[in-house]
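First the structure, in the form of structure tokens, and then the observations on it.
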Amino acid sequence: MMWNLSFISEDDFTNHVKATIEKYGEKLESFDLKRFNKNIVDPIKLIFDKTVYQSSWEEIIGNEIFRQRDKSNNNDIGYFHQRIFQYIANCHVPPNGKEGGWDVIYKNSDGIPIPEAGSVHTVYVEMKNKHNTMNSASAGKTFIKMQDQLLNDDDCACFLVEAIAQRSQNIKWETTVDKKKVGHKLIRRVSLDQFYALVTGQEDAFYQMCMTLPSVIQNVVNNLEGTIVPHDTVIDELRELGSKQNIESEDLAISMAVYMLGFSSYKGFC
């Protein structure tokens, strides 16, 4: 297949996807009933969900396993969004906590155009997965950090780059610090597509990456399949427990097995 991304090599992109998948780590381990109920699931919610959504037990149990796996996956996707820039020209990804704690530092000796603010030669980036993940205290702290950077370097801008922004944008960031609305033309709120366009010089670079990503993920997963595909046994164990309940209806027997996950010591269940 012809490689279509001009700003990153096929080997670098493939290796980055592989590293991201490998960071899923223990979340790829198979779920048995003990792991499934480690934090005690809510049997009543499972019963409601199954009935209201007209789902099978396989679907409901599968959805709950997915939910438990998914809780910490945002960090892994944050790794993908941030660390990919180590392979893109003029971008540098500092080690965690180093060089001011910035996620990405972009330098360009030819100048970096900033809307309504001329140009600078360095951009310091704080990256977030989603536009609504910062509370007001966190936003204020980040803005102050960016202000301090501008005081120490009069040839830079600071970007809050959001992977999932409300819209495609590159705008002055305005937030609240100590109950006062603040903003600065060199402190900007930038969607990920606009940041890709800026650092690569290609307007649709992010789109092109997204179009290439599914096939690369599939190829990596195919090559790792023997080591990463989990074999979850929760529904089989629930069926086995249900079969011991002496209840004729399999659906009700599995319901009883689910109840026992949370209510095994409750009156009437024990």
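Couple of notes before you dig in:
- Among residues of the range 47-88, those that are aliphatic (A, V, I, L, M) and either open to solvent by 70 Å² or more (accessible area, probe 1.4 Å) or more than 26 Å from the chain's Cα centre (by Cα) (or both), counted: 2
- In the range 202-217, the qualifying residues are those that are open to solvent by less than 90 Å² (accessible area, probe 1.4 Å) and aliphatic (A, V, I, L, M), and the one that is farthest from residue 269 (Cα to Cα) is 205.
- Scan the range 31-59 for residues that are acidic (Asp, Glu) and without any contact (Cβ under 8 Å) to a residue 12 or more places away in the chain and the total you get is 1.
- Candidate set: the range 135-168, residues that are touching an Asp or Glu at 6+ places or on another chain (Cβ under 9 Å) and assigned to a loop (DSSP other than H, G, I, E, B); chosen: the one nearest to residue 125 (Cα to Cα): 165
- Every residue from the range 1-32 that is more than 15 Å from the chain's Cα centre (by Cα) and hydroxyl-bearing (Ser, Thr, Tyr): 6, 9, 14, 30
- Taken over the range 141-170, the criterion of being within 19 Å of residue 112 (Cα to Cα), surrounded by 14 or more Cβ atoms within 10 Å (Cβ to Cβ) and hydrophobic (A, V, I, L, M, F, W, C) is satisfied by 146, 150, 156, 157, 158, 159, 160, 161.
- Residue among 107, 23 that alone is of a type outside the set (Ser, Thr, Tyr), open to solvent by 90 Å² or more (accessible area, probe 1.4 Å) and modelled with pLDDT of 95 or more: 107
- Condition met for residue 181 (part of a strand (DSSP E or B) and loosely packed, with under 13 Cβ neighbours inside 10 Å): yes
- Within the range 26-36, being open to solvent by 30 Å² or more (accessible area, probe 1.4 Å) and in a loop (DSSP other than H, G, I, E, B) holds for 29, 30, 32.
- Which listed residue, of 234, 229, 220, is within 30 Å of the chain's Cα centre (by Cα), closer than 30 Å to residue 10 by Cα and buried (at least 19 other Cβ atoms within 10 Å of the Cβ): 220
- Qualifying residue in the range 245-254 (condition: within 30 Å of the chain's Cα centre (by Cα) and buried (at least 16 other Cβ atoms within 10 Å of the Cβ)): no
- Any hit, the range 243-263, residues being outside any helix (DSSP H, G or I) and β-branched (Val, Ile, Thr): yes
- Among residues of the range 132-143 that are of a type outside the set (Asp, Glu), those with a Cβ under 8 angstrom from a residue that is in a helix (DSSP H, G or I), sequence gap 6+ or separate chain, pair up as 134/142.
- Any hit, the range 186-199, residues being surrounded by 16 or more Cβ atoms within 10 Å (Cβ to Cβ), touching a Gly at 6+ places or on another chain (Cβ under 7 Å) and either within 17 Å of residue 83 (Cα to Cα) or not charged (D, E, K, R) (or both): no
The values are calculated or read from the model by the stated rules, or taken from the named source; none is laboratory data. All figures in this text were calculated on a predicted structure; none of them were measured in a lab. Every residue, glycine among them, receives a Cβ derived from its backbone with ideal geometry; neighbour counts consider all protein chains shown. For accessibility, only protein heavy atoms count, side chains too; no ligands or nucleic acids. Shrake-Rupley method; radii C 1.70, N 1.55, O 1.52, S 1.80 Å.
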